[in-house]
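Undergrad: Dumping the structure here so I can ask a few things about it.
Values quoted throughout were computed directly from the atomic coordinates according to the rules given, and no laboratory measurement underlies them. Quantities reported herein were computed from a predicted structural model and do not represent experimental measurements. Ideal geometry is used to build each Cβ from the backbone, glycine not excepted, and the neighbour counts take in all protein chains shown.
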Amino acid sequence: MSHISVELSHLADLGELSGSAAASVLAAAGWSGERRNPTKSWATTWRRGDVHAWIQGDGPVAVEFTLWFREVEEEARADLDAFMGGLYAAAEAELTEVVADLSSGDFGERLQATGDNVADVDDFIQYRAWRVAGRELVTGVRQSDTDTPVMIVVVLRESAVEAEEVEDDWL
């Protein structure tokens, strides 16, 4: 599992979460820009080892990190329910580690729980969300439909809902 707390901290501290500023943070942290959208002046997809990042939008942007990615194997179609149950269990175990990693250290001390007061999380199977420096940080297990990969992603974006005090219960 790749540690991305330093990048998230730098991204959270940006005055404006713009594409070029996010690209600068990733480049300074040793990420390789892989693809450029011809309409943007920055790379939109990034990679460091097995971890991918995607700068989405125009400005302010969202930065999404894919930390864990598992395909739905063709051979699993015979007993898809059992295969998917095992895949979800593995993803939930990894998610617990990701949450522990993000919640520790200096960056973890900055995180404020959001509870269910988060927008656009319907496509997550399980998630945990915080606020940091006025932005939303969401990490979770996501699968768009039964034929797509199961992923663990971490997304930093501008807050879509008003902040309120909540208990720090998770998952």
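Undergrad: Toward the positive end of the charge dipole of segment 14-107, about the Cα centre and with charges on Cβ (Lys, Arg +1; Asp, Glu -1), which of Trp68, Ala100, Ser24 goes farthest?
TA: Sorting the options by dipole projection puts first Ser24.
Undergrad: Then there is this: Loop sites only, by DSSP: take the GluC sites (Glu not before Pro) in the chain that have at most 12 other C-beta atoms within 10 Å and name the longest stretch containing none of them. Please list the in-between numbers first.
TA: Working: sites that count: Glu16, Glu71, Glu73, Glu162, Glu164, Glu165, Glu167.
Between exposed loop sites, the widest span is 74-161.
Undergrad: Using label points projected 7 Å from each Cα along Cα→Cβ, tell me how many nm separate Leu80 and Glu94, to one decimal.
TA: 2.1 nm
Undergrad: Oh, and also: Using only Cα atoms, what is the ratio of the radius of gyration of the chain to 2.2 N^0.38 Å?
TA: 1.05
Undergrad: Expressed in nm², what is the orientationally averaged projection area of the convex hull enclosing the Cα positions of segment 122-161? Provide the component values of the computation, followed by the final result.
TA: Values: hull surface 11.5 nm².
Mean projected area for segment 122-161: 2.9 nm², to one decimal.
Undergrad: At 222 nm, what value in deg cm²/dmol follows for the chain if DSSP H runs of at least 4 each add -39500 (n - 2.57) and the sum is divided by all its residues, to the nearest 500?
TA: On the way: 4 runs with 48 residues, N = 171.
Rounded to the nearest 500, the figure is -8500 deg cm²/dmol.
Undergrad: Please compute, for the alpha-carbon atoms of segment 1-62, the extent along each of the three principal axes and give them in descending order in Å.
TA: So the three principal-axis extents are 32, 25, 16 Å.
Undergrad: Related question: Where the centre of each part is set by its Cα atoms, how far does segment 1-39 sit from segment 125-144, in angstrom?
TA: 17 Å
Undergrad: Hey, another quick one. Which value, in debye to the nearest 20, gives the size of the charge dipole of the chain about its Cα centre, when Lys and Arg are +1 and Asp and Glu are -1 at the Cβ?
TA: Working: 13 positive and 33 negative charges, 192 e Å.
Roughly 920 debye for the chain.
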